[in-house]
Every structure is written in structure tokens, then in C-alpha cells.
1. For region 235-267, what are the residues that are within 17 Å of ILE115 (Cα to Cα) and surrounded by fewer than 12 Cβ atoms within 10 Å (Cβ to Cβ)?
2. It is to be established whether one or more residues within region 235-247 are assigned to a strand (DSSP E or B), in contact (Cβ under 8 Å) with a residue 40 or more places away in the chain, touching a Leu at 6+ places or on another chain (Cβ under 8 Å) and not basic (Lys, Arg).
3. Among the listed residues LYS221, LYS211, identify the single one that is outside any strand (DSSP E or B) and surrounded by 13 or more Cβ atoms within 10 Å (Cβ to Cβ).
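None of the figures in this text is laboratory data; all of them are computed from the coordinates on show. Source: prediction; values computed, not measured. In this analysis, Cβ positions are derived from the backbone assuming ideal geometry, glycine residues included, and neighbour counts consider all displayed protein chains.
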Amino acid sequence: METKLKIKRKGKKKTLWVIIFLLMFILIFLLGDIFRSSFFQHTGGLQAKLYESGKRTIQALFNIFSDKSLREENTRLKEENRRLLSQLVELKKLHQENKELREALGLKIGGDFQIIEAKIIARSTDNHTFVINKGKEDGIVPQMVVITPNKILVGQIKQVFQKNSLVELITSPTQKISVFIGKENLLGIVQGKGNFTLISENIPKEKKIEKNDVVVTANLKKEIPPGLLVGKVVEVNKTDLSPFQILKIEPLFDLASLNLLFIVTDF
């Protein structure tokens, strides 16, 4: 009897669970939208926070890669800008050299002298010498003079190498040049004093020399052609202690701006 009662209870429990399952299934099937709506209603705030957090993370990652890309592009543009500026400088140098060459041809330097073009490739720290890109293989020998396209005397070849030569400026303390000074073509000697300065100390003080008088080479030294521009008088000093006046002379070339030079190989 008891066994039959236990079987009936178990059967009722199974039937109850089946009914509950069927009811849940019906509710989910028929009322799924309502359950989903309720779920979203109770969890919407959390989802919104998760969404915003994810959006910020994605934006941060985008910014990182975007910044890297922008930095790389910025670096590339800077390098391109430097390259273009370098090309512009080279073009300006070439334009200047062509201009100087035309000026030299206009002054008929090639007709007066036999010349070789040269460029400065290095300068000394004492401002007495510089190196040019012509040497023994170009027929250069010591004592040849170096001039600008405007027939301004710059210096003389001091030492020659296979492909290069060392030029000593006329303002070097070891340089002495025979010159004509002023309107009366007074014969004198100018000597380098360094620091791009020349002096003359052998013109009698009774001779008239004025500031801005032009100084040109005389024809007393076989290595230097006559008539080359040397400089201009910037200071005249006379004293009762000396029969000679002391002239301070400024050379007419500007070493910093020299691009194209000519070596006089014969005249």
C-alpha cells in the first residue's frame, strides 16, 4: 500500500515538472520580447558603460596608430623639405657661378690671360690660406696667381698636390706685392698684415694719397700680371717721426662669398 502511494507521489512530481517546463517554454516563446525588454531595462546602464568604455579604448588605439602615422609622415615631409632646400642652395650656387663666369668672359679674362677655373674646397682657421680643387694633374705650379672673375687678386699658389693646391692670400704676413697706388700711380709695396688687411709703408709722406684710392698690381714681379685690382686705401697716417706715410689697405675680395676663382697659368 505504501509502495503504491510513493509511486503516485513520484508520478505527480514528474507531471508537475513537465507542466512547469511547458509553461516556461510557452512564456519564453510567446513572451520572449517582454523578457528581453526587461533584461535590457535592468542591464542597460551596465551595457552603456561597457559600450562607452570600449569606444574609448578603440579611440585611444586609433589615436596611437594615427599619431604614429602622423609622426612618420611629418618626419618624411621634413626630410623632403631638407632635400629640396639643399637642391635650392645648389641651384643658387650654380646660378651664381654661371653669373661670375659670364662676368669673367665679359671682362675678357680669357683673352688677357690663360686661365683655369677653380673652387675653394677648404679654408684654414688662421685665414691665411685655402685649398682649391685643382693640382698637378691640371698643370698648376707654385707662384701662379688666383683671381676673381672681376680681376681682383686673391692670392698665389703656395703648394701643389696631385688634385689640389694650397693658395696663400695676399693678406698673409708673408706676402709682398709691387703696386701702383692712387690717381698718380705711385709705385709702392704692399704687405699682408693678416686679418684681411694690407699696409704700405714706403710712399713718401709728401705724396698725395687719399682715402678710397685704388691699388693695382705693378709689373715688377714676373709671376703677377699687371693691372689686377688689389684693394682700396681706407686709412692714411703721417707722423713727423717718419718720412713715409703708412697706408692701411682693404682688399677688394670677400673670402666668405667667393665661389668661382681663376688660376692664371700664363699671361
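1. The answer is ASP266, and nothing else.
2. Filtering region 235-247 down to residues assigned to a strand (DSSP E or B) leaves 235-237, 244-247.
Next, only the ones that are in contact (Cβ under 8 Å) with a residue 40 or more places away in the chain stay: 244-247.
Checking the rest, the ones that are also touching a Leu at 6+ places or on another chain (Cβ under 8 Å) come to none.
No, the conditions are met nowhere in region 235-247.
3. Numbers: LYS211 fails: surrounded by 13 or more Cβ atoms within 10 Å (Cβ to Cβ).
Only one candidate qualifies: LYS221.
The rows are residues; the columns are (1) surrounded by fewer than 23 Cβ atoms within 10 Å (Cβ to Cβ); (2) over 22 Å from LYS211 (Cβ atoms).
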site	(1), (2)
LYS151	yes, yes
LYS158	yes, yes
VAL167	no, yes
THR171	no, no
GLU184	yes, no
LYS193	yes, no
PHE196	yes, no
